[in-house]
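The values are calculated or read from the model by the stated rules, or taken from the named source; none is laboratory data. Note that the coordinates shown come from a computational prediction; the quantities given were computed from them, not determined experimentally. Because the Cβ atoms are built from the backbone with ideal geometry, glycine has one as well, and the counts that use them run over all protein chains shown. What goes into the accessible areas is simple: the full protein's heavy atoms, side chains included, and nothing from ligands, DNA or RNA. Shrake-Rupley method; radii C 1.70, N 1.55, O 1.52, S 1.80 Å.
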Amino acid sequence: MLDFIIGYLRRVGLTFQRPQTTSAEMVPDEAQLRIVIVGAGLSGLATAISCAMAGHTVVVIEQAKELAEVGAGLQITPNASRLFQHWQLPSSLYASAAEPTALTVHKYTGQTLAHSPSFHTTIRAKYTSPFIDLHRVDLQQALYARAKALGVTFHLDERVDSLDFATTTVRTVSGRAVPGDLIVAADGLWSRCRECFLGRKDDPLPTGDLAYRIVLRAEDIRDEKLRTWVENPECHFWIGPGAHAVGYSMRGGSMYNLVLLVPDNLPPGVARQVGSVEEMRGLFEGWDPVLNQFLSYVDSVDKWKLMHHAEMETWVNEKSNLVFIGDACHPMLPYLAQGANSSLEDGAVLGGLLGYMKTKSQLPEILRLYESMRKSRGEAIVKETFKQRNDFHMCDGPEQERRDHIFLSQLGKEIKGAFPSRWTCPEVQPWLYGYDALKEVEKAVRLHPEVFSKVTPNL
Ligand SMILES: Cc1cc2nc3c(=O)[nH]c(=O)nc-3n(C[C@H](O)[C@H](O)[C@H](O)COP(=O)(O)OP(=O)(O)OC[C@H]3O[C@@H](n4cnc5c(N)ncnc54)[C@H](O)[C@@H]3O)c2cc1C
């Protein structure tokens, strides 16, 4: 309806300022795109916000009846948290988060291998933005509300079935046809858009691991020492043969999120299944008593197969009316907590670049630029997550002893050189957390006058 009114006012020569749109780079009318985003996951919502802030018309199509991300935690690192202010997400989002004040890696026996005290202050000082742990729903709802306030249209309960590239139209199973100028494939691991683009079935591949996802409430934890652990947010890893566990507080220390990463024993083709609590506890028998104490509070659990995909040749189709973002093009192991963070970066870069459009004819070159900025980074992060698995899942033996020697030789000191935990590794953490999507956009605009100068000669 809003689009119709804006269109009518434009036709009769009146202009209409979109509600709460603040980007300095509002595109002129002749460059305004109608962008159809498939999927309202974190990548789709981020793209919706940044494209709407740039002044484009945005429609999101989502198969779910309502937006309710899985009830689990999410670690947001500075490369994504720095975007929240730009997107004007409400400060209440921070109130519902927890900021870990230390990050510790334990051997599965409980022995401390690495410990970063004052993790929160160090991270803020290095990257000018916090590392926070959130409940997924809190972030999703904040993004959704912001997108709606920016005038984004949502079609929920609509499953996309096919894409017509000749007319840039998205068709849903129910028969709805949504035309546009650009389709953004944000439909995750089981992307239908990816299949439409490739022209064949393309199921994700098993990584060999699965995840148990657990959320505990502090009020349900009777043991005082354990409850204090939850109420004072820190981030803990336990690493052992073929498996690891990560635990952190969220919602200001009133909830605890635990993820257990273990060898996949789900049948082929099964992506998620109710798990057995006994089987889960059995896998961690003999591990740190603190971890086992947490597991004693679990009364039901789900198992999630962790999947990935081979790299795509390109993220943009030949006609330049389809572009990929998020898990649809770079699904990864969650071992560096970068899947959502890098998806939010994708959305910020795509919308940021599209904010510099002065005519629609620039779209093909801008999409190529987006791909050149994002594909190599996304794929590098994917590779790093598999390297992290190797370092965290070592079986006891000479290789593990060498790893532990590197850990222990730096315990209590400033970490130098390659480090087996990339979470604090001085060679990996800076390129993960130091990335500033908005600055990257500005840099790209400066460095690519062939794309932008003909329409922005003063850059
Ligand atoms: C155990 C675990 C822990 C993790 N922890 C972290 C973490 O701490 N930090 C982090 O950054 N990342 C983490 N991740 C990764 C992160 O969850 C994903 O990378 C991220 O959610 C991907 O977002 P997305 O929007 O690309 O895809 P999705 O979240 O999968 O969203 C895709 C959306 O598209 C919709 N859709 C799909 N097909 C269709 C269709 N045909 N028609 C219409 N709609 C459709 C879906 O319903 C969904 O809403 C974790 C992952 C796992 C498994």
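Observations on the structure shown:
- Verdict on F419 being touching a Cys at 6+ places or on another chain (Cβ under 7 Å) and within 25 Å of F237 (Cβ to Cβ): yes
- Complete set of residues in the range 253-277 that are in a helix (DSSP H, G or I) and of a type in the set (V, I, T): V277
- All positions within the range 69-81 that are at pLDDT 95 or above and open to solvent by 40 Å² or more (accessible area, probe 1.4 Å): none
- Unmet requirement for I5, which otherwise passes all of (1) in a helix (DSSP H, G or I); (2) aliphatic (A, V, I, L, M); (3) at pLDDT 95 or above: (3)
Conditions (1) surrounded by fewer than 17 Cβ atoms within 10 Å (Cβ to Cβ); (2) over 24 Å from S50 (Cβ atoms); (3) out of contact with any Lys or Arg (no Cβ under 9 Å at 6 or more places or on another chain); (4) modelled with pLDDT of 95 or more, marked per residue:
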position: L150; (1), (2), (3), (4): no, no, no, yes
position: T167; (1), (2), (3), (4): yes, yes, yes, yes
position: V170; (1), (2), (3), (4): no, no, no, yes
position: V173; (1), (2), (3), (4): yes, yes, no, yes
position: G180; (1), (2), (3), (4): no, no, no, yes
position: R194; (1), (2), (3), (4): no, no, yes, yes
position: G199; (1), (2), (3), (4): yes, yes, yes, yes
position: E231; (1), (2), (3), (4): yes, yes, yes, yes
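- Residue list for the range 278-310, filter: within 16 Å of the ligand (Cβ to nearest atom) and part of a loop (DSSP other than H, G, I, E, B): V298, H309
- Pick from the range 176-201, criterion among the charged types (D, E, K, R) and touching a helix residue (DSSP H, G or I) at 6+ places or on another chain (Cβ under 8 Å), ranking: farthest from the ligand (Cβ to nearest atom): D181
- Qualifying residue in the range 96-105 (condition: farther than 20 Å from G326 by Cα, outside any strand (DSSP E or B), among the small types (G, A, S) and at pLDDT 95 or above): yes
- Look at the range 49-67: where a residue is touching a residue at least 12 places away in the same chain (Cβ under 8 Å) and among the hydroxyl-bearing types (S, T, Y) and a partner is open to solvent by less than 10 Å² (accessible area, probe 1.4 Å) and within 12 Å of the ligand (Cβ to nearest atom), sitting 6+ places away or on another chain with Cβ atoms under 6 Å, you get S50/G347.
- Screening R374, R402, R389 for residues that are open to solvent by 30 Å² or more (accessible area, probe 1.4 Å) and closer than 30 Å to V323 by Cα leaves exactly one candidate, R389.
Every residue, every condition in (1) farther than 20 Å from K303 by Cβ; (2) more than 14 Å from the ligand (Cβ to nearest atom); (3) in contact (Cβ under 8 Å) with a residue 60 or more places away in the chain; (4) surrounded by fewer than 22 Cβ atoms within 10 Å (Cβ to Cβ), yes or no:
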| residue | (1), (2), (3), (4) |
| --- | --- |
| D203 | no, no, no, yes |
| L210 | no, no, yes, no |
| R217 | yes, yes, no, yes |
| D223 | yes, yes, yes, yes |
| P241 | no, yes, yes, yes |
| G253 | yes, yes, yes, yes |
| N257 | no, no, yes, no |
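- Taken over the range 324-346, the criterion of being in a loop (DSSP other than H, G, I, E, B), near the ligand (Cβ under 8 Å from one of its atoms) and in contact with a strand residue (DSSP E or B) (Cβ under 8 Å, 6 or more places away or on another chain) is satisfied by I325, P331, M332, A337.
- Selection of the range 264-305 for residues being surrounded by 14 or more Cβ atoms within 10 Å (Cβ to Cβ) and touching a Gly at 6+ places or on another chain (Cβ under 8 Å) yields D264, W287, D288, V290, L291, F294, V301, D302, K303.
- Taking each residue of the range 339-361 that is of a type in the set (K, R) and looking for partners that are open to solvent by less than 10 Å² (accessible area, probe 1.4 Å) with beta-carbon atoms closer than 6 Å, six or more apart or interchain, yields K358/A31; K360/A31.
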